[in-house]
Every structure is written in C-alpha cells, then in structure tokens.
Amino acid sequence: IDFSKMCTSNQEYYLKLEELKNAHVETMAKLESMYRNKLYLKGVQPVARKDAASNGFSSALPTWEKSSYQPLNLHKSFSDSDLSDPLGSGVSGGSDKELAFEENGSETGSSSFAKQRIEKMWDGFSVEDYIARTKHSLPNSPVFRTMRKKQKAWSPKVTVPKPFQMTIREARKKEQNVKSKSQIEMENNLLKKQLEEEAECQKKFRANPVPAAVFLPLYHEIIQRNEERRKSVKERSKLKLLASQKPFKFIEREKQRNEIRKMQLRDLSTPEKKPKPFKAKPIPKCVYSPAVNDKLQEEELYREIRIRMRAEELLRNSSLPTSRLALKNTNKKKKHKCVEPKETEHKPKIKPDVPDFERLHQKFQKRLLQKKQVKHLTVCEPFDLRTPHIPSNKGKILRDIQEDEERLKETRWPYASPRRKPQMRGANSPPSGFGESKSPKITQSTQRRLQAIRNYEKQRMQEYLQELQEMEERVNQRPLLLERVTQVVLLLRSF
C-alpha cells in the first residue's frame, strides 16, 4: 500500500470540504439579505395600502412615518387578515411600527430618538376620521352579510347529473379503438411468447449417444475394492488385538496345576487291565418243557388274586377326606332329627317286558292336544258400569248455589263469618264421593288394542303347535338307539 498517495488523497478531501463550507456560508449570507429585503417590503407596503383605502386616515399618521424607508426588524409575523382588517388597522399598525422603531432604537442605543417619537405620537390624530372609517367598513361586516342573506328569497335548484370526464374519455377510446400502453405491451409479450413456442416446436429432438463410460463395470469394481479393504482392515485389527492380548495369571497357574496332577497320576497308576469280551450263557433245556407254561399261568393267577385282595383291603380301610367328613356328620344329624319314614308295605311289581315308549308318547301328545283345544277363548263384552242409571245432582247443586246467594255471607273482607260451616266427619265414616265413582268407559281404541293382542296370542299358539308337530315327526323318523349303535359299529368296521 502506498501511504503517500493516501496522504495526498486525504488533503484533497479536506480542501474540498473547506471549499464547500465557504460556498455554504456565502449562500446563507445571500439568503439573509434576501430575507431582510422581504421584511422591508412587508413593512412598507401596508402603509401604502392603508393610504389607498382611507383618505382621511393618512392625515392622522405622522409625517416622519411616511418618509421612513429604513428596514424594520420585526419580531412578529402578521397574517393577511390582520393587514387587511379595516377596523383595527390604524391603531394596531401605528403601535406596531412604533414598537419596531423602539426596538430599532434600542439596538442603536439612541434614547433621545425614542423620546421624540413618544412626544410626537398623538400629533395630527382626529376621532372623526376614525368614525368615518368604521361607517364605511360596516357594510362589509359579517353581521351585515348575514342580514342580506336572510332577506334573499329561496330559489329552488335542481341538480342535473352529468357524466364524469373519465367515463366520456373511456367511451371515446372504445369508439376509436384506442389501446393503452399496458394493453399494447401485453399483446406484444403474448406475440413474442407464441413465436418462441412455435420456434421451439419446430425444432427436432435428437438424443445424444450413450457415453462409453456407462458400459464399464465401475460399480462392481468399487464394491470389490471395498470388500478387500474391509477384509484387510479386519485381519489387521485382529492381529493387533492378539499382539496386545496378555493371558491372565490364574489361567497359567491352573495349567501348571493340571500338568503336575497328571504327572502324579501317571506315577501312581497301576497297569491297565484289558476288558474281557462278553459271552452269553447257553439257554437251559428246562425252558422248552411244557411244565414251564403251567407254572407261568399259575403265577399270573396268584398275582391277580393278590391284586384283588389288596384292593378289597384298601377299600375296607379307606375313609372319606376331612372336608367330606364334616358334611357327612351334618347330614347324619339332620337325618336323626327328621322323623324316620315308615316302611311301605307295598312293593312294586317288576314287569319283565319292555313297554313301547313311542306309542305311549304318541298317546300322551294326542291327549295334550285335546286338552289344549278344549279350552275356549273368552269373548270380550262391553262393560256394563251402569253410569247412565246414576242420578244427577244438578238440581241439588243449583239449589245450594241459590241458598248461598240468599242467606250466607261472602268470605272476603270485611265479612267475618265463613261462607259455609265446615262439616265434621267421623273416623269410621267413608270419604266423600266413595261409591259414587264412575268406572272408566272402554273406548274403540282400547277394544282394537285388545283384539290385536288376542290375535297375536292365537298366532303364537299356532306356531308353537306347529313346532311341536315338527319335533314329533323328527323323533318318529329318527332310528332307535340300538339301531344307531349298530350303524356306528358298522361304519367303524368298514373303515
């Protein structure tokens, strides 16, 4: 890096900054002079306007004020309404100017000039000129304007709707087919896109040839290389582990002990005897004699007798478990408590012949059906509740009402006595209205409901009888137990 160039560049930068600063100071001085000229013009022009507006008021101002063209150092900015106000413009204008002159005098430090101004303040002032100005200004006052507005008669006005300029412009554009800039740009973009698409569509697609590197078995070579590297790493790590491995001390100690023990056993061991080969003895001749079979049968018979005797002995010596003994004792006590039944003298005769159960079952079924069909269904009849025979108490009620109206007093205030004296009822007397209660009348809907219930019960009964008949037919069609057993045996034999 060249530091000399950097220093020169910094100096140039500071020189330019100083030039800009000087130019800024000059512009600010020019602005200040322009602002002072503007203030001077604002201080002089209101006096000329006042002279043109009122002829008599100009005489009231002092002569030195007209000939004063010195720039005023105003600290207060006046609006146009304050300058053009006809009522307070004379007095306020004079006082403001005097204040401005006083401030200017204070800046210069001349107190004598201020005293002269105060002494000549009221020279040439007249009240008549002030009154004339107020009279001339009255018609322009806001009160007078409102009065004139009230005197004017009301004139009806109807607003006539007119189209906006933009709607007229758009309609003209549509008539002239004038397109906007955005529409033209959009159409141009669409045309460009269409041309590009057509050019792309006209191009013929041609595939590039398959590169020769695709046909090389690079992947298999990579896999084989990785496998070889893995095996070599595995063998290398195994050798490293074996080299770093050290046997435990107790393993070596055990090996030494085993070797010493083997040596001792070899010294103490006797010469080994060779095992003799097995040789079976010949079968005795007595086995082939017929007396052996008889002896075997006798032993088998004795064995069976011993087993039977042992079983009988165990049965005699056997007893119930503890859980069953408690129940047995309780049952014995119950039997002792109960009255022993008398022995029946009648003994049933045992028939040697087997009865025909199928015929008996059929008879029983027929009798059952007959008994069931004998029962007649109850026919519903309308209830005779004798409600129309009950005498009505309408006449009695009417008579009671009439007596109440004639004799008894009302219960409401100020009557003290009740409308009717309470009736005392005995303890054994029945409640009021007992025996006069009307029984409910059977309506048509209840009759229909009962009829539907009866029909449903009949249908269920018929279904039940049909099921019984089907069951009976199935039982009759089924073969007997012995026949079924023989059929099963035959089937098993056939298999």
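Computed quantities for the displayed model
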| quantity | calculated |
| --- | --- |
| Output for segment 199-230, where each listed residue is polar (S, T, N, Q) and either in contact (Cβ under 8 Å) with a residue 40 or more places away in the chain or not in a helix (DSSP H, G or I) (or both) | N208 |
| Test: residue in segment 280-294 that is among the aliphatic types (A, V, I, L, M) and surrounded by 10 or more Cβ atoms within 10 Å (Cβ to Cβ) | yes |
| Yes/no for L39 being modelled with pLDDT of 85 or more and in a helix (DSSP H, G or I) | no |
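The values are calculated or read from the model by the stated rules, or taken from the named source; none is laboratory data. This one's a predicted model, so the numbers in the text were calculated from it and none came from an experiment. Glycine gets a Cβ as well: all are built from the backbone with ideal geometry, and neighbour counts include every protein chain shown.
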